[in-house]
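Below: one structure, written as structure tokens.
Throughout, read-outs are computed from the coordinates displayed, never taken from laboratory work. Please read all numbers here as calculations on a predicted model, not as lab measurements. Cβ: placed from backbone, ideal geometry, glycine included. Neighbour counts: every protein chain shown.
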């Protein structure tokens, strides 16, 4: 008995150390089989209200260790004969049930064991059923221990039944804890992905950015771990670090939830809640019509006629309007002469409102927006967009992350940080930038560069996207070692096949991209 108690203690310690429910289930089956000296250990789980799945753990003198699954049907419908299935009995009366010579006794229906008996040419001489994880009066699982050979003493003894019941009760608590932790983990991951999806759904131009960045991040992380180059030969990520990085990748843009949509999705320089260039166009049209009206009147009477514009060349006015329309799209960078021309146009043309007051065709704000040198965003708007990083850090700092996820705010919040001029990475507060944050920053920028749907620019081809990345390397914005690995291992190919459109995928000159690096 002392030896059995020691086995019980060892089994309890082993179960308490288990992390994954599936591993705990298999461990429980083997420990119960050995503790109670059984030939088989069967784990029964409900599939529907009238169907359970059975996992048989075959082990012992006459059987090699293996796992097999089958389905066991039972229910309240009429069956051949009047016997209640033994599973139904334990489900409705969740107590330990031991049956000696169950087939001959005829107290319950054991037809679910018939296939096993036929396969091994022996009848079950004893069955011990142990309910697990009682919830609302019913077990969530049932362990059935079986003996086929009477040489082992026939039925299960009272001591064996007691030991089995004690271990199964301890296992119920351990497995309930593991299932609860798994459910909480799945809920946590679902909420993270929900937040990422909400950010993508907020903007029609996001193009699943928050879903793609984690994919590219983990793809690059696996390559870094497998690399034997001098830059990464000492870098190895544990499972916990990989999970932490994936969570960071999903949450890296959470601050965009509070970024105004008319700024994050600003497709033209004059766009707010609508494209204000339509107002400019209307003012020019009013001015054109005023000029035509004045000319018509001038033909009817003599005398000087005051025109609402310093120049009345309608063809020049049309060309200036087209020029402003081109500037508004933000597709090309503006030179100093270009911005000067925008200023001259804003000063040259005026229109007269209903009160008879002269007004410029471009307001001061509109002129400033049209003179943006590159893209569609003003410095103030760029600052507002970049502020989402600060918002991300502040929002993530409010969450009580467990120890294994403690670096999530730092990793997620560093994804816009750059290398400095000497090539040393700097992160938040000037501290050394984590390799995880450098990987995330690289993935974030490549996804943004290669994304097809962006409001402020035409989409780039694969080769052009890699060229832009190389320019960022030369400017000290991203990690050159990560870039070299990305090109040498052709990681861009797998990403392009999955996420880029066919017309974006063009030949890549790897030699040119790596030249001088």
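Values for this structure:
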read-out: Estimated inter-spin distance, residue 298 and residue 186, nm [label 7 Å along Cα→Cβ]; value: 8.0
read-out: R0 of 41 Å, Cβ-Cβ distance residue 475-residue 23: FRET efficiency to nearest 0.05; value: 0.25
read-out: Extended-chain gain in nm, criterion 0.36 nm per residue less alpha-carbon gap, residue 4 and residue 503; value: 172.6 nm
read-out: Inter-site label distance for residue 134 and residue 365 at 7 Å from Cα along Cβ, in nm; value: 7.0
read-out: Gyration tensor (alpha-carbon) shape descriptor, the range 218-285, a/c threshold 1.5; value: prolate
read-out: Ranked list, fewest to most other Cβ atoms within 10 Å of each Cβ, for 271, 25; value: 271, 25
read-out: Footprinting exposure proxy for 233, 256 (fewest neighbouring C-beta atoms within 10 Å first); value: 233, 256
read-out: Theoretical FRET efficiency, 1/(1+(r/R0)^6), r = Cβ-Cβ of residue 373 and residue 258, R0 25 Å, to 0.05; value: 0.35
read-out: Gyration tensor (alpha-carbon) shape descriptor, the range 277-376, a/c threshold 1.5; value: prolate
read-out: Three-way shape label, the range 220-259, alpha-carbon gyration tensor, a/c 1.5; value: prolate
read-out: Extension gain, residue 14 back to residue 382 (0.36 nm per residue minus Cα-Cα distance, nm); value: 126.9 nm
read-out: Label-to-label distance, nm, for residues given as residue 93 and residue 323 (7 Å Cα→Cβ offset); value: 9.7
read-out: Residues 397, 503, 481 arranged by fewest to most Cβ contacts within 10 Å; value: 503, 397, 481
